[in-house]
1. Fewest Cβ neighbours within 10 Å first, please rank A:511, A:349, A:313 accordingly.
2. Calculate the dipole size of segment B:1-142 relative to its Cα centre from +1 charges on Lys and Arg beta carbons and -1 charges on Asp and Glu beta carbons; express the result in debye to the nearest 20.
3. One quarter of the convex hull surface, Cα atoms only: what value does that give for segment A:426-546 in nm²?
4. Quick one: Cα convex hull volume of segment A:190-237, Å³ per residue?
5. Please report the Cα spread of segment A:219-270 along all three principal axes, rounded to whole Å, starting with the longest.
6. Using alpha carbon centroids, what distance separates segment B:351-423 and segment A:112-157, in Å?
7. Scale the Cα Rg of the protein assembly as shown by the rule-of-thumb value 2.2 N^0.38 Å and send over the ratio, two decimals.
8. With +1 assigned to the C-beta of every Lys and Arg and -1 to the C-beta of every Asp and Glu, and no other charges, what is the dipole magnitude of segment B:144-206 about the Cα centre in debye, to the nearest 20?
Amino acid sequence: MVGALGAALLLGGACGIPASSDVRVDGKGGTATEAGSNNGGRSEPPTRTASGSDIDAFVRNFLDAAAGEPDRAYERVKLFVAPEHQSKLQEKKGSEVALNVVRLREAVFTGNSDLTTTVKIKVQQLGLLRSNGTLAPPVATETGYEFRVRSAAFGGDDERAGLYVLDPPNVLLLSDNALQQYYQDESIYFWSSDGSRLVPDQRYLPAAVPDERRVNEVVKWLVGGPSDWLRPGVVGLPDRTELVNNATGAHNRWEVNLDMSGDDQTQIDRLITQLAWSLGDLRGELALKIRNNALPVQDLEARRNSEALYPIIEGPQRYGVYEGAIRPLDFPGEPSGDVPLSAEVNRNIVSAGLARAEGRILAAMVVNSGKGRHRLAVGTGPALNRSGKDYASISRPVWLRTVDSRPGRGLVVADGRLYRFDEAAGMYQVPLNLPTPEVTAVAAALDGQRVALIAGGRLYVAAVNLDGGGVSIGPPRALVTSLTGLSAVDWSGEGRLVVAGSAGQPAIYGISVDGALETPLKTDVGAKVNHLTAYPTNDEVPSPSVGYMYEANGVAYRSSPFERIEPGQVRDVAPPPAGLRPSNPSAPFFLY
Amino acid sequence: MVARVHQTWRRSLQVRVVTITLVASSLLVGGFAYLIADKITTILLDSARTDVRQRVNSGAGYAAKQVSLYGQPQEAQLQETIEDTVNYLAGGDPEQISGVVVAITADGYPNVIQARTAPAANVQPLISQELRAAVASGKVASQIRTGRLTGEPTKYLVYGSPVPTRFGQIELYYLVPLTQQDRTAADARATVVATGVALVILLGLLAALVTRLVVNPVRVAARTAQRLSAGLLDQRMVVNGEDDLALLAASFNQMATNLQRQILRLEEMSRLQRRFTSDVSHELRTPLTTVRMAADLIFAERDEFDPAVARSAELLQAELDRFEELLTDLLEISRFDAGFAMLDAEPTDLVPVVHRVVDRLAGLAERVGVPIELDLPGTPVIAEVDPRRVERVLRNLVGNAVEHGEARPVLITLGIDETAVAITVRDRGVGLKVGEEKLVFNRFWRADPSRARQTGGTGLGLSISLEDARLHGGWLEAWGAPGQGAQFRLTLPARAGDRLTTSPLRLVPADAALPFGGPRDGGPLAIGPGADGTLAIAPAPAEDGHRAEVRS
């Protein structure tokens, strides 16, 4: 009994789990990760003192200062602001941090008696760069800002002390140059609302973000949903989809963990395709986890190869209208095709739009119906469908490209109104939510889900919804350009437009789909461009050298190399009898 | 109490066997139980450690990947990432109650990165400085700590691992409650203890049962033997079965039967002998009476015979007296042997009794020249005795003393206390040799068989005296030493039927010489080697200063 008691005591006291033990060392922990790389040396904007006492450079640097990761933008800008005035810049937090992207037009410096300099800048508001990388339409309406600048050196004249901003504007400003220089534009993709294809969405990634975080940012963007103007045409990820922690990765293996409702295999497969394309040129393997369930590892490159963005297999072929008929244009070193139209219907044509779809060619032509009236004709012959009504003017018709075998649909502007048409040449007006009802031009993107419009001399982009057999255009988003009097537009890439207008004199500019980046392509057009077409550069058949073609003052031109399209380049045309001046090819367009 | 336990221990074989079994089995079972419980705990802890270690390793890997996106500890999203990571590693759902707490601390960046735990709890007390130091030095380390995160104090296995980042190191800690393990260990312990206790109790019961099976017949045998020894010769054991105990019982019964037969035979023989003695005595009395009457006649007429015949007549008369005396003593002895002797006790003053005896023997004493001295108290000495028998005993003792007095005085002392009276009779004759003080009470015993009977002693006097003393419940004892004479002491209870414990008088007289001479004047005795290697005890020399004291 005594022994049993003793044993019980021993057991109770000694061999339970101790209340506290010594530290037990199991060996070394993990090794340190290698230092991450940044995107080159120009990832960070210059510091305050970099410009010395050069006010002009200082102001430009000040407008660059906000560039970089949004959560520290205020911090960076405040470094430029005199300490006593830093409180005048009221900070916002998290997703509310937004940069007003402006195009600097003019800066005026006025010296003051208190050794400060008043700076007045005139700007064009381009948009609001949000923390999610989108450039939203501008909210601010200011066309100028005013602040003062003083030397940071007290009493002395030390150039290295730099300058300080006094009375800073209570917003974060970012110049368009900085947007170009310290950001990298990225296309991420969303599925169209009918789920048939991926639609690009333009984002800006600060160059300061290391490569390792790119995947994380992209996935966050995808989770955050598409840009506002795209929403009518695309769908985001399922509701309440969340990125679980960060997407990580290195050495060509990327791990993404999503908390997503629904585990439909098709949906997940589409998500992987979406990710593969959104991650752009990223190579390697994607290890996707849905609610911590690991899915089979996917190779990004292989996925992109198997799931093409656009059903394009051939390069563009040039066509033009010559003497009322569609004719191929032959340029050396370029492929060219035949006229897809029956010879008997290939006449009286003013302008045309052709598109390849599922092994056939969709053709829509504006034909002369006499008395200066025009009709829309659709088909490749021998019989053409013609629109029931005739119009005084019809712009070049554009096809909305689909990836499946649905009946072709297109858009056309007739008598200043936007119409949709089908393969039976039925024309139905498309309601637009625009300040002016007058539409000048329409251009469809390669994905068929976005259009660019010119209405009232201004440029708009809008999403297209093809659900239910109809065509509806979402609320158009106005783009800011420095051109005025816009006359023609087309898509020259996924995120780029080529637009013709006037910059003092007629000019052709390249412009990003959000209007932030503008590049003059041709400033000496000489006459109003009434017809502009471009081959949208894409990953399938890049053909960057193809460029654009336009018609001005009845003469057609092509770019790269820039030259006039001569009648001699029109195929199968016999030289005109001597003495007669040959007519010019007009309304050039690409078939792709 | 202790004495009782000790007594029980000594007396009960069952208690001893059961106790020893219990103690031995408890120690054994306790030892095994300890080993098993300890093993179970170790296994539980080890598996918990392995499990947590894996979680920590994968967690640290995950956290390292998560924070590898940040190159500066100041980056705003880093804090968010740490929080998300901690939530993720804790299972994502802060509501879940698995109890695992995940914490990320940045001891290297105390003001830049805040520690995060999921679920939110203050884990600082649970992460000891030593563990912090170990983890901060880049080691994966663990420790068991008890603390209170939610509700009750719980034992936690705290596992820490460094998380390398691009800007330095942060630390990941898992605090996994060991409640389940603790409970399992306690359950296992309780089971083991319960089993052990049950086993021990079972063994004890078993031992008790087995001992009982063995001890019970032994007890019965003991009881039977006790009864046998108490004279109940017809007691027998019950024989059950054919086992060893049955054999014991059978043998015991056999033995008892044999004993009984033998004893009965001896009793019969003894009875026959006594009967014979009694019968012979009776049968002799009648012819003796006749012979006596004739002898009396002859003796009365002896003067008329010639001197030789007269002398014969005198001799005849004397021997007939002795014969008569002998017969009387024999009859008395046979009355004692037959158990017919009855005590006729009454309160008696012993002083007159002594005087009477002395008076009666005064003639004989005078004749042999032995003075009789008396040492009697001045007051009456009253005791409940049979005066006839006491007188007979005294007469016998004083007669013997006078007879063996060798002309030296005989001292009669009477003593009394609350419970007893005692009479000593002291002579200074030849005394008794060692061992003879017991033999003197034997029937027909003589100190020197070659010595002729000069006096009328029958050789039965002291035997009868002893029987008389016993009949009173008293003692009759003898002391003697060669050359120092002898002393007899009769001690009787003051009230008839009382038990004697002490005697008012000493058996050994005060003037008797001690063996080896004895100490003189209280001087010390020297004990040392004597001649021929014997041990010698002698009075120590006075001038020698050595003293030894013996204490008990």
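1. Values: A:511 26, A:349 23, A:313 10.
Sorted ascending by nearby Cβ count, the order is A:313, A:349, A:511.
2. Its charge dipole is roughly 1380 debye.
3. 8.2
4. Convex hull volume per residue, Cα atoms: 72 Å³.
5. Per principal axis, max minus min of the Cα coordinates gives 37, 24, 18 Å.
6. Between the Cα centres of segment B:351-423 and segment A:112-157 lies a distance of 154 Å.
7. Compared with the compact-globule rule of thumb, the protein assembly as shown sits at 2.18.
8. On the way: 6 positive and 4 negative charges, 27 e Å.
The calculated dipole for segment B:144-206 is roughly 140 debye.
Read-outs: derived from the displayed coordinates by stated rules, not from any lab. Because the structure is a prediction, the values reported are computed rather than measured. A quick note on method: Cβ atoms are made from the backbone with ideal geometry, for glycine too, and the neighbour counts reach across all protein chains shown.
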